[in-house]
1. Could you grab me the full set of residues in segment A:59-90 that are surrounded by fewer than 20 Cβ atoms within 10 Å (Cβ to Cβ), under 19 Å from residue A:201 (Cα atoms) and at the interface with chain B (Cβ under 10 Å from one of its Cβ atoms)?
2. What residue, of A:176, A:169, A:162, is within 16 Å of ligand 2 (Cβ to nearest atom) and under 13 Å from the mean Cα position of the chain (by Cα)?
3. Check residue A:175 against each of (1) within 16 Å of ligand 1 (Cβ to nearest atom); (2) free of Cβ contacts under 8 Å to residues at least 40 places away in the same chain; (3) within 14 Å of chain B (Cβ to nearest Cβ) and name the one condition it does not meet.
4. Residue B:419: more than 22 Å from residue B:277 (Cα to Cα) and more than 25 Å from the chain's Cα centre (by Cα), yes or no?
5. Within segment B:301-352, count every residue that is on the phi > 0 side of the Ramachandran plot and modelled with pLDDT of 90 or more.
6. Anything in segment A:26-54 that is within 13 Å of ligand 2 (Cβ to nearest atom), within 14 Å of chain B (Cβ to nearest Cβ) and without any contact (Cβ under 8 Å) to a residue 40 or more places away in the chain? List them, or say none.
7. Considering each of B:368, B:384 in turn, give the residue that is over 30 Å from residue A:155 (Cβ atoms) and within 14 Å of chain A (Cβ to nearest Cβ).
8. For the condition within 16 Å of ligand 1 (Cβ to nearest atom), surrounded by fewer than 22 Cβ atoms within 10 Å (Cβ to Cβ), assigned to a strand (DSSP E or B) and touching a residue at least 60 places away in the same chain (Cβ under 8 Å), what is the one hit in A:218, A:224, A:200?
Ligand SMILES: Nc1ncnc2c1ncn2[C@@H]1O[C@H](COP(=O)(O)OP(=O)(O)O)[C@@H](O)[C@H]1O
Ligand SMILES: [Mg+2]
């Protein structure tokens with residue numbers, strides 16, 4: 001599904017990723033952990049195509065295509081989804097409208113018909129309920145005045161609706177209380193399937209109690225220095241980054 | 001290239017290709033010589049076969065104007081206009097007075113067709129345009145070429161005709177109301193307009209009548225070096241209701257064209273007037289060459305109790321816009337509203353806003369202004385809300401929002417509030433936001449392309465105003481908003 005080879009990327013002429021390799025097969029859940037500034041968000045942004053980040057070397061293939069050749073919206077339509085660390089507010093645009101526009105935009109790129117309004121409404125209602133998102137919240141402008149938890153739940157709602165094949169979650173757990181964390185994790189888990197893969201970026205082991213990863217990678221200075229199974233996260237929690245880095 | 005950087009470079013290209021109304025019409029014109037003298041004023045008056053009183057009125061306006069100075073307080077910059085280098089009268093030669101639409105110069109008919117304005121009533125009735133019930137007054141340079149649905153309106157007692165015709169046919173109404181809201185000497189351009197106005201629309205809605213259809217006027221400046229000075233007068237008697245829309249376009253020309261209009265609205269007890277503008281004059285090219293100077297005085301006088309006026313404007317065109325549709329809230333309980341979308345792109349300059357003058361008790365006003373700046377443009381909101389001492393329980397709500405696209409444009413908000421009365425309640429809200437790379441990236445990550453993203457954000461930004469347009473035009477206006485920002489995205 002996703003194959004990253006020797007990825008080097010910079011932002012504002014500063015090298016952030018220095019030869020990163022990662023392969024994600026269909027159905028796998030990978031977690032990436034690492035200290036602040038390690039380049040975790042940079043990786044997520046490069047995958048999604050944010051053009052402030054320059055790819056200086058390496059290859060990325062996504063569904064056997066050259067990902068770097070695709071525009072941001074083409075990547076999205078092909079199943080790349082990024083749950084933002086800091087979701088954006090758009091005044092005046094109802095959340096519901098935004099959801100519908102993005103869904104139909106993706107369908108259009110894929111050459112599919114637009115979803116009819118009643119079908120769309122039914123779908124949203126069902127998914128929103130699952131995430132404890134009220135109809136009132138859907139009428140409010142996108143993320144405007146939303147609490148941190150509401151913003152993150154709104155990201156997951158979009159993920160449930162768009163049904164991407166690769167879900168990249170950038171610190172979705174930060175700023176969530178334990179109840180919200182559970183709701184978000186349930187949402188994410190409901191999407192787990194043999195065809196869908198996930199890349200979960202997190203600081204803490206906490207989220208991984210709820211979303212169990214198949215693989216855990218530790219990212220330091222723009223490189224994966226250690227990979228393992230879910231026990232690596234526990235090890236990290238116990239020993240801290242310093243010891244892991246020293247041992248690596 | 002980052003989205004916004006790309007935006008900025010592409011904004012530079014907004015010109016010729018994006019202005020869809022820039023064609024010219026080749027027809028024979030009857031013109032007065034260039035320049036402005038008493039003789040030109042006499043010439044215009046004679047061409048219009050005006051009565052003596054009208055000529056005298058114009059001449060006195062001309063003499064006032066001669067003594068006045070061009071205003072310079074607005075936040076706009078342009079080379080000094082040479083008023084001696086303009087034509088003040090230009091009319092299509094063929095058949096000025098029409099017996100029927102079939103006599104209309106086919107070139108003019110074609111022009112309006114290209115603009116998407118249906119003049120043939122049959123076509124409108126056949127639903128060609130989808131907008132079923134709209135009477136149109138079409139003004140081509142200095143004269144009204146045709147007014148549709150006149151008879152049907154007359155049955156309801158509504159008068160809708162060119163103002164030149166009203167001067168002939170309804171002199172008592174014209175004498176009573178002309179310049180009663182905007183005095184001749186109100187400002188430099190109102191004086192100039194009074195001296196040389198050539199046409200415009202006249203609307204009279206008698207007592208208790210709800211106008212059976214939307215009224216609209218389409219202005220078109222075609223001739224080069226020609227000023228368009230239109231004069232519109234709308235009178236709503238007690239309990240009358242009317243909704244009026246004006247649309248404006250001009251061909252692309254390298255020289256600047258001057259448009260200096262005066263619109264006066266008189267609203268009596270319990271009457272209601274809704275005035276909507278979709279202004280899309282040629283904005284000039286990517287270097288800021290050419291474009292219309294739009295210097296306009298618009299004012300409504302709520303003379304009666306519980307009178308109501310609502311201005312809605314979508315300003316996307318013109319090189320320079322200088323325009324402050326205002327409400328004099330004289331009658332107790334009267335209400336004024338101003339809803340505005342002002343979009344500036346390329347080198348456009350806008351200085352626009354409103355005045356709400358509360359003279360009556362329990363009067364209310366509401367201002368919703370949405371300024372969108374892109375390219376290297378400058379966009380200023382300038383407004384005044386004032387209350388007289390005797391006007392108790394006045395309410396005003398003002399909201400001024402600015403949206404910036406790119407970082408070479410500017411937005412300014414200059415609200416004045418003058419409350420001479422402690423019972424006044426003024427509320428003011430203002431926001432400035434920016435379409436930056438982060439917002440674009442977020443939208444694109446969800447599947448929208450740049451153009452869809454900007455359209456979504458901008459339409460969300462000005463939704464409250466778009467909702468106020470008559471339904472038939474709301475969709476058009478929404479498209480226009482997108483078109484005028486087309487150059488600002490990839
Ligand atoms: N837009 C940007 N401009 C400048 N520096 C940036 C930008 N984004 C990230 N960086 C820098 O790149 C490094 C990696 O950042 P990031 O990928 O956000 O780390 P993480 O998500 O692992 O905390 C940091 O040093 C950060 O300051
Ligand atoms: Mg981060």
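1. Hits for segment A:59-90 are A:86, A:87, A:88.
2. None of the other options fit; the residue is A:169.
3. (3)
4. In short, yes.
5. 2
6. A:45, A:46, A:50
7. Selected residue: B:368, the only one of B:368, B:384 that is over 30 Å from residue A:155 (Cβ atoms) and within 14 Å of chain A (Cβ to nearest Cβ).
8. A:224
The values are calculated or read from the model by the stated rules, or taken from the named source; none is laboratory data. Model, not experiment: these values are computed from the prediction. Ideal geometry is used to build each Cβ from the backbone, glycine not excepted, and the neighbour counts take in all protein chains shown.
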